[in-house]
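A.B. asks: The structure is given below, and queries will be raised subsequently.
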Amino acid sequence: MAAGQQAAPGLTAPVLGIESSCDETAAAVLAPDGTVLAEAVLSQLADHAPHGGVVPEIAARAHLAHLPGMVADVLARAGLRPSELGGVAATTGPGLIGGLIVGSCLGKGIALANRLPFVAANHLEGHALTARLPWIAPDGLDFPYLLLLVSGGHCQCVLVEGVGRYRRLGGTIDDAAGEAFDKVGKLLGLPWPGGPALERLAASGDPARFAFPRPLKGRPGCDFSFSGLKTAVAQAVAAYPAGALPLQDAADLAAGFQTAVVECLTDRLAHAIAMAPAARTLVVAGGVAANTAVRTALATLAARHGIALLAPPLRLCTDNAVMIAWLGIERLRLGWADSLAAAPRPRWPLESPDLLPR
Ligand code: KG4
Ligand code: ZN
């Protein structure tokens, strides 16, 4: 994060969070202790589904159409005028540039007009710190802890050492886990996004019928790879005449694929746990964390290694503004704020040294 403009330490007023980096438009107001005073999320799924994926132009226009009204609504429900806030945090990266411009400019405008500190929020840091919300971890969640972030756009394992301090232990070398679910869902004729539908289909399938590869399994480190697995499913599907994949075969393919993903994730995570012995908790976030097979396998893995598994409620695993407001609180109470000149950054890795004030 660019050179911090000092905010007053000892935050006492609520913080507004704004999220618009991908296909969820979201706003939330949190009290300094993390209590959610108001929140709203509008998914653009229906706008993008006919195109089989997120269309950046449609996303940006939808954020522009909905965000100002949504922010006014959450402030009204929280019973606050903008001037009564203690700060504004808006996602400034990484993500789709159009949405980042819409959300960060709105946040900066509110901060400027009301002389409030502004936090240029890193979306990934929002995911990383969510589990520290006091009502999620009532006994507190101390640093360091492990974070597995598995969504449609991200697949990485990070050691969270403090606010602004992240050590990447590994990440995908090709597709993100959710992206693999979506691509395989498409191959099996499922609606986009493929993850939830594929999980339902897999429930009636035989995971042992198709012998799919487990990319990188057993290799050192904790990088991930899913594209070879997706290609193996594509080859299996190609053995059927076009449009003639029997339902049971599709279910068996889905189950085989899902089991392979779960085995890859747990194998890589076992390495991450060994790489970071000081971490006593594994936090999982991102849309793929909704998958029951993934959650169950991670719980078993954590138990085997004597560490806790913390999976925030689903609505906070996927994109939301509660996590952005909370990130704002974590930073503002350290006295860290950003310049209104902070530019939106489509690429902004979590391990960037500029997440710490210089
Ligand atoms: O975190 P998220 O809502 O959005 C971003 O990608 O930022 O994650 C969406 C991803 C999609 O790829 C979707 O297919 C996947 O999460 N997903 C799932 C499940 N629910 C959502 N993947 C597997 N099983 C699920 N139940
Ligand atoms: Zn996200």
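A.B. asks: Considering only the range 27-68, state which residues are in a helix (DSSP H, G or I), at pLDDT 95 or above and open to solvent by 50 Å² or more (accessible area, probe 1.4 Å).
C.D. replies: If the condition is that a residue be in a helix (DSSP H, G or I), at pLDDT 95 or above and open to solvent by 50 Å² or more (accessible area, probe 1.4 Å), then Arg61, Leu64, Ala65, His66, Pro68 are the ones that fit.
A.B. asks: I would also like to ask the following. In the range 345-358, how many are open to solvent by less than 40 Å² (accessible area, probe 1.4 Å) and either modelled with pLDDT of 95 or more or part of a loop (DSSP other than H, G, I, E, B) (or both)?
C.D. replies: Total meeting the criteria: 4.
Quick grid of which residues meet (1) under 18 Å from Gly140 (Cα atoms); (2) basic (Lys, Arg); (3) assigned to a helix (DSSP H, G or I); (4) more than 15 Å from ligand 2 (Cβ to nearest atom):
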position: Ala278; (1), (2), (3), (4): yes, no, no, yes
position: Arg295; (1), (2), (3), (4): no, yes, yes, yes
position: Leu298; (1), (2), (3), (4): no, no, yes, yes
position: Ala343; (1), (2), (3), (4): no, no, no, yes
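A.B. asks: Here is a further query. Looking at (1) within 16 Å of ligand 2 (Cβ to nearest atom); (2) open to solvent by 20 Å² or more (accessible area, probe 1.4 Å); (3) in contact with a strand residue (DSSP E or B) (Cβ under 6 Å, 6 or more places away or on another chain), can you tell me which one Asp223 breaks?
C.D. replies: (1)
A.B. asks: Give me the pairs, please: first residue somewhere in the range 317-328 and under 18 Å from Leu147 (Cα atoms) and within 12 Å of ligand 2 (Cβ to nearest atom), second residue anywhere and open to solvent by less than 10 Å² (accessible area, probe 1.4 Å) and among the hydroxyl-bearing types (Ser, Thr, Tyr), beta-carbon distance under 7 Å, and either six or more positions apart or on two chains.
C.D. replies: Met323/Thr130; Ile324/Thr91
A.B. asks: Tell me, which residue of the range 69-117 that is small (Gly, Ala, Ser) and part of a loop (DSSP other than H, G, I, E, B) is nearest to Gly10 (Cα to Cα)? Spell out how you get there, then give the answer.
C.D. replies: In the first step, residues of the range 69-117 are kept if they are small (Gly, Ala, Ser); the result is 69, 72, 76, 78-79, 83, 86-87, 89-90, 93, 95, 98-99, 103-104, 107, 109, 111, 113.
Checking the rest, the ones that are also part of a loop (DSSP other than H, G, I, E, B) come to 79, 86, 95.
On the way: Gly79: 22, Gly86: 10, Gly95: 31 Å.
Of everything passing the filter in the range 69-117, Gly86 is nearest to Gly10 (Cα to Cα).
A.B. asks: Any residue that is away from ligand 2 (no atom under 16 Å from the Cβ), basic (Lys, Arg), surrounded by 20 or more Cβ atoms within 10 Å (Cβ to Cβ) and modelled with pLDDT of 95 or more - is there at least one of those in the range 156-165? So that I can check it myself, show each step before the final result.
C.D. replies: First, pick out the residues of the range 156-165 that are away from ligand 2 (no atom under 16 Å from the Cβ): 159, 161-165.
If we keep only those that are basic (Lys, Arg) as well, we get 165.
Subset that is surrounded by 20 or more Cβ atoms within 10 Å (Cβ to Cβ): none.
There is no residue in the range 156-165 that is away from ligand 2 (no atom under 16 Å from the Cβ), basic (Lys, Arg), surrounded by 20 or more Cβ atoms within 10 Å (Cβ to Cβ) and modelled with pLDDT of 95 or more.
A.B. asks: Same structure, new question: Tell me, which helices (runs of 4 or more DSSP H) wholly within the range 122-237 include 3 or more residues that are more than 30 Å from Gly93 (Cβ to Cβ)? Steps first, answer last, please.
C.D. replies: On the way: elements: 123-129, 177-187, 194-202.
Hits in the range 122-237: 194-202.
A.B. asks: Give the range 292-334 a look and list any residue that's polar (S, T, N, Q), open to solvent by 50 Å² or more (accessible area, probe 1.4 Å) and within 16 Å of ligand 1 (Cβ to nearest atom), or say none. Before you say what the answer is, go through the steps one by one.
C.D. replies: Keep residues of the range 292-334 that are polar (S, T, N, Q), which gives 292, 296, 300, 318, 320.
Then drop every residue that is not open to solvent by 50 Å² or more (accessible area, probe 1.4 Å), which leaves 292, 296, 300, 318.
Once the filter is applied, which keeps residues that are polar (S, T, N, Q), open to solvent by 50 Å² or more (accessible area, probe 1.4 Å) and within 16 Å of ligand 1 (Cβ to nearest atom), the range 292-334 yields Thr292, Thr296, Thr318.
A.B. asks: Of the residues in the range 269-281, how many are open to solvent by less than 70 Å² (accessible area, probe 1.4 Å), aliphatic (A, V, I, L, M) and under 21 Å from Leu216 (Cα atoms)?
C.D. replies: Residues that pass the stated criteria total 5.
The values are calculated or read from the model by the stated rules, or taken from the named source; none is laboratory data. Bear in mind that the values here come from a model prediction, so they are computed numbers and not experimental data. With ideal geometry, Cβ positions are generated from the backbone for all residues, glycine too; neighbour counts draw on all protein chains shown. Keep in mind that these areas ignore ligands, DNA and RNA; they rest on the heavy atoms of the full protein, side chains included. Shrake-Rupley method; radii C 1.70, N 1.55, O 1.52, S 1.80 Å.
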